[in-house]
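The values are calculated or read from the model by the stated rules, or taken from the named source; none is laboratory data. Remember, it's a predicted structure, so these values are computed and weren't measured experimentally. Note that each Cβ is placed from the backbone with ideal geometry, even for glycine, and that neighbours are counted across all protein chains shown.
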Amino acid sequence: MKRITRLIAVGLMLLFGMSLCFNSTSVSASTKSSAAKYLKGTWATNSFGEWGGDFQPQYYIIFTKKYVKYGHASNGEFVLDHKDKIIKVEKVKKNCYRIKVKNSKGYKYMFKNRGKKCVDYYGTWKKSKMKDTYSGGASLTRAEIPTGDDNVLK
């Protein structure tokens, strides 16, 4: 009987722990502001490519309260390519957010930060499909816009 009680208790703890990980609080202006502050700065995709003859991350990214701005580096400046609208920000736990984004063509995707230096990309809004739609190349790491001759990897 004690063993069954322990198994039930462990199962409930695991279930409760998982629900804490996936439950989100209601979104408010302060949640968006907190996420924007936490994700402040410049990020870069983990995939690289050529832009204007320069080898650099596929995109540099800047989060604002309303948009995810995608661009490239040119002469030490961020050059906007396009921006996608942030639809919803969910606080998962302290300093951990899911940012649901929609592009101009209606494609829905999501970012979820993992600490202060990494943001994971998922090609879905559905929690059940996150594992299947994760993209390491589209995930982000902290970056700085290079200046002058540091702008390219030659």
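Taking (1) modelled with pLDDT under 85; (2) closer than 19 Å to residue 102 by Cα; (3) of a type outside the set (A, V, I, L, M, F, W, C) in turn, residue 60 satisfies each apart from (1). Residues of segment 109-138 that are touching a residue at least 40 places away in the same chain (Cβ under 8 Å) and in a loop (DSSP other than H, G, I, E, B): 116 alone.
Residues that are part of a loop (DSSP other than H, G, I, E, B) and more than 14 Å from residue 36 (Cα to Cα) were ranked within segment 60-86; the one that is farthest from the chain's Cα centre (by Cα) is 75.
Give me the pairs, please: first residue somewhere in segment 82-96 and hydrophobic (A, V, I, L, M, F, W, C), second residue anywhere and surrounded by 14 or more Cβ atoms within 10 Å (Cβ to Cβ) and not in a strand (DSSP E or B), beta-carbon distance under 8 Å, and either six or more positions apart or on two chains. Partner pairs satisfying both residue conditions: 86/32; 89/27; 89/31; 89/32; 89/35; 92/24. Number of residues in segment 105-128 that are exposed (fewer than 10 other Cβ atoms within 10 Å of the Cβ) and modelled with pLDDT of 95 or more: the value is 2.
A single member of 74, 47 is small (Gly, Ala, Ser) and closer than 16 Å to residue 147 by Cβ, and it is 74.
For segment 60-79, give me each residue that is closer than 19 Å to residue 119 by Cβ and hydrophobic (A, V, I, L, M, F, W, C). So that I can check it myself, show each step before the final result.
We begin by selecting, within segment 60-79, every residue closer than 19 Å to residue 119 by Cβ; these are 60-73, 78.
Result: 61, 62, 63, 68, 73, 78.
Out of everything in segment 87-107 that is aliphatic (A, V, I, L, M) and more than 11 Å from the chain's Cα centre (by Cα), what residue ends up being nearest to residue 145 (Cα to Cα)? Quick ask: steps written out before the conclusion?
Here is the first cut: in segment 87-107, the ones aliphatic (A, V, I, L, M) are 87, 89, 92, 99, 101.
Narrowing further to those that are more than 11 Å from the chain's Cα centre (by Cα): 87, 92.
On the way: 87: 27, 92: 29 Å.
It comes out as 87.
Number of residues in segment 111-137 that are more than 16 Å from residue 46 (Cβ to Cβ) and among the small types (Gly, Ala, Ser): the value is 1.
Can you say whether residue 141 is among the hydroxyl-bearing types (Ser, Thr, Tyr), in a loop (DSSP other than H, G, I, E, B) and touching a strand residue (DSSP E or B) at 6+ places or on another chain (Cβ under 7 Å), as far as the supplied structure shows? No, not satisfied. Collect the residues in segment 90-108 that are assigned to a strand (DSSP E or B) and closer than 17 Å to residue 124 by Cβ, keeping them in residue-number order. Within segment 90-108, 90, 92, 97, 98, 99, 100, 101, 102, 108 meet the criteria.
Quick check on segment 37-50: of everything there that is surrounded by fewer than 19 Cβ atoms within 10 Å (Cβ to Cβ) and not polar (S, T, N, Q), which residue is farthest from the chain's Cα centre (by Cα)?
The initial filter retains those residues of segment 37-50 that are surrounded by fewer than 19 Cβ atoms within 10 Å (Cβ to Cβ), namely 37-38, 40-42, 46-50.
This time we only want the ones that are not polar (S, T, N, Q), so: 37-38, 40-41, 48-50.
Working: 37: 13, 38: 11, 40: 12, 41: 13, 48: 18, 49: 20, 50: 23 Å.
Across segment 37-50, the extreme among qualifying residues is 50.
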